[in-house]
Each structure stands twice: as C-alpha cells, then as structure tokens.
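To start, the structure under review is shown below, and the notes come after it.
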Amino acid sequence: QGQLQESGPGLVKPSETLSLICTVSGGSIRSYYWNWIRQPPGKRPEWIGYGHYSGSTKYNPSLKSRVTISVDTSKNQFSLKLNSVTAADTAVYYCTRSTVDTAMVIGYWGQGTLVTVSS
Amino acid sequence: DIVMTQSPDSLAVSLGERATINCKSSQSVFYSSNNKNYLAWYQQKPGQPPKLLIYMASTRDSGVPDRFSGSGSGTNFTLTISSLQAEDVAVYYCQEYYYNSGTFGQGTKVEIK
C-alpha cells in the first residue's frame, strides 16, 4: 500500500505562498496520479488538483490561478504551491494517491497537515 | 458550478438496522461513452482522513465490507449500510469526478441510536 507523508510549514502569512511536499514511500511515484485535497476544520473536503510523473496536471478551476503541483521522480515526492493565501486557505491539507484507473478518485490518503494562514 | 447535496445532514440508526444516505448532483455525472457514473463515496472517522468506500457509483473498493452498497444514476445516488455496526459511526461524503472540480457533498453524520 505504501505511505504518504506531508511536510511543510504549519503557519503561513497572508499574501505569501503555501508550500507542501509529500514523500511517497513503499511504491513508485510513476504509478498513479497524485492529488492534493484540503479540508477546512468541520467542513467538506475540497479537491485542489493532481499531478502525474508525465508532467500532466489538472487543477480545480476555483484555485487554478494560484496552484502549482509538480512531481519529482528522483526524490519520489510531489509538491503543492498555493500563492497569495488568505485566511480562507486555512485547512488540513492531504496528499493523496488516486486509484489505479481513475485520476480523481482517492484510493489512499496521507494523515494530513494543518496549515493556518495568519499574521 | 456543480453542486453536490447530501441528505440528511445527520441520522441516528440502531445497531443492525439499515442506514440510507442520499446524494444529489446539480448536473448529471453519467458518462454515456462507457455507461458509468462518476460518483464516489468516502467514510471519515474522527481524527482520520477519509477512506474510499465506493467508486463508479456502485463498485466497492477492495476490502470494503459488503454491507456497504451504492446505487443510482445520473443525478441521484444512494449509499446504503445494510446492517449498521458500531465501527460505522462516521461522516460520509459523496464526490463527483466527472467535472474538473471533484466536488464533495457537505457530508452526512451517522450515529448510533
């Protein structure tokens, strides 16, 4: 099954860039699509986007102008950058793996990391 | 924008009884070229990430107990727990993956009566 571990700052200032890395262990990053999902406390999850080792990406239109997802096969990691953050971007951010055959169905989730946007 | 609406927001069911959760999409998630509905269900227990239960509206993920079943097509879908167990206490979410937004429903909290 493998493991996914998020890392990055837990506190980001408004207008700055949120940056997270997910390390994939126990499997190849060349398989699957690698999605980021966030969930504000007490609210529904929100799909942010995905990346693939081929370079293919897809983003939620509501976030597309601020998001970049990239996959680093040499480090078995993928990353999320979200710029110009506001308090509305405060959430638990999950790095996740798709199912074998469907890019946006989440077959496996990391434990998540809380990112707070505050000055 | 597509909107996913679940009902009810919460329900309390006796152990061993049936629990039924509904999910309605504002636009169809049926893909006619392969006859599939692009709808998934997840279970989230407190302090844990969500877990995939069902995809393509009715296909159980590997290892998911057969008391969980999904049905529906087009814009109306149902998740049924045929005989509620104590470990099924959780919030359940539907998610469409037909459109580029991967929108989730607001969640339905299932408790023991």
Practice task
Restricting attention to the range A:30-56, report how many residues are buried (at least 16 other Cβ atoms within 10 Å of the Cβ) and out of contact with any Asp or Glu (no Cβ under 8 Å at 6 or more places or on another chain).
Solution key: 15
Exercise for the section: Answer yes if at least one residue in the range B:61-69 is touching a residue at least 24 places away in the same chain (Cβ under 8 Å) and open to solvent by 10 Å² or more (accessible area, probe 1.4 Å), and no otherwise. Expected result: no
Practice task
Starting from residues that are touching a Lys or Arg at 6+ places or on another chain (Cβ under 9 Å) and open to solvent by 50 Å² or more (accessible area, probe 1.4 Å), keep the ones in the range B:13-34 and report whichever is farthest from B:Cys94 (Cα to Cα).
Solution key: B:Leu15
Exercise for the section: With the condition kept exactly as written, say whether any residue in the range B:70-81 is within 11 Å of another protein chain (Cβ to nearest Cβ), in contact (Cβ under 8 Å) with a residue 60 or more places away in the chain, farther than 21 Å from B:Lys36 by Cα and open to solvent by less than 40 Å² (accessible area, probe 1.4 Å). Expected result: no
Problem - Of all residues in the range A:80-119 being crowded, with 21+ Cβ neighbours inside 10 Å and more than 14 Å from chain B (Cβ to nearest Cβ), the one that is nearest to the chain's Cα centre (by Cα) - result: A:Leu80
Practice task
Count, please, the residues in the range A:51-79 that happen to be in contact (Cβ under 8 Å) with a residue 24 or more places away in the chain and at the interface with another protein chain (Cβ under 9 Å from one of its Cβ atoms).
Solution key: 1
Completion exercise
A:Tyr32 fails exactly one of (1) at the interface with chain B (Cβ under 9 Å from one of its Cβ atoms); (2) among the aromatic types (Phe, Trp, Tyr); (3) part of a loop (DSSP other than H, G, I, E, B), namely (1)
Handout entry: Index of the failed condition, A:Thr68 passing every other in (1) open to solvent by 40 Å² or more (accessible area, probe 1.4 Å); (2) touching an Asp or Glu at 6+ places or on another chain (Cβ under 9 Å); (3) polar (S, T, N, Q); (4) assigned to a strand (DSSP E or B)
Key = (2)
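Looking at A:Ser19, A:Ser15, which one is more than 14 Å from every other protein chain (Cβ to nearest Cβ) and open to solvent by 70 Å² or more (accessible area, probe 1.4 Å)?
Within the list A:Ser19, A:Ser15, the selection yields A:Ser15.
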Practice task
Hand me the list of strands (runs of 3 or more DSSP E) wholly inside chain B holding 2 or more residues that are among the polar types (S, T, N, Q).
Solution key: B:4-7, B:19-25, B:39-44, B:68-73, B:76-81
Exercise for the section: Quick one: which residue in B:Thr20, B:Thr5 is under 13 Å from the mean Cα position of the chain (by Cα), at pLDDT 95 or above and more than 14 Å from chain A (Cβ to nearest Cβ)? Expected result: B:Thr20
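The values are calculated or read from the model by the stated rules, or taken from the named source; none is laboratory data. As the structure is a computational prediction, the values presented were derived from the model and not from experiment. No Cβ is skipped: glycine too gets one built from the backbone with ideal geometry, and neighbour counts run over all protein chains shown. With ligands, DNA and RNA removed, areas are computed over all heavy atoms of the protein, side chains included. Shrake-Rupley method; radii C 1.70, N 1.55, O 1.52, S 1.80 Å.
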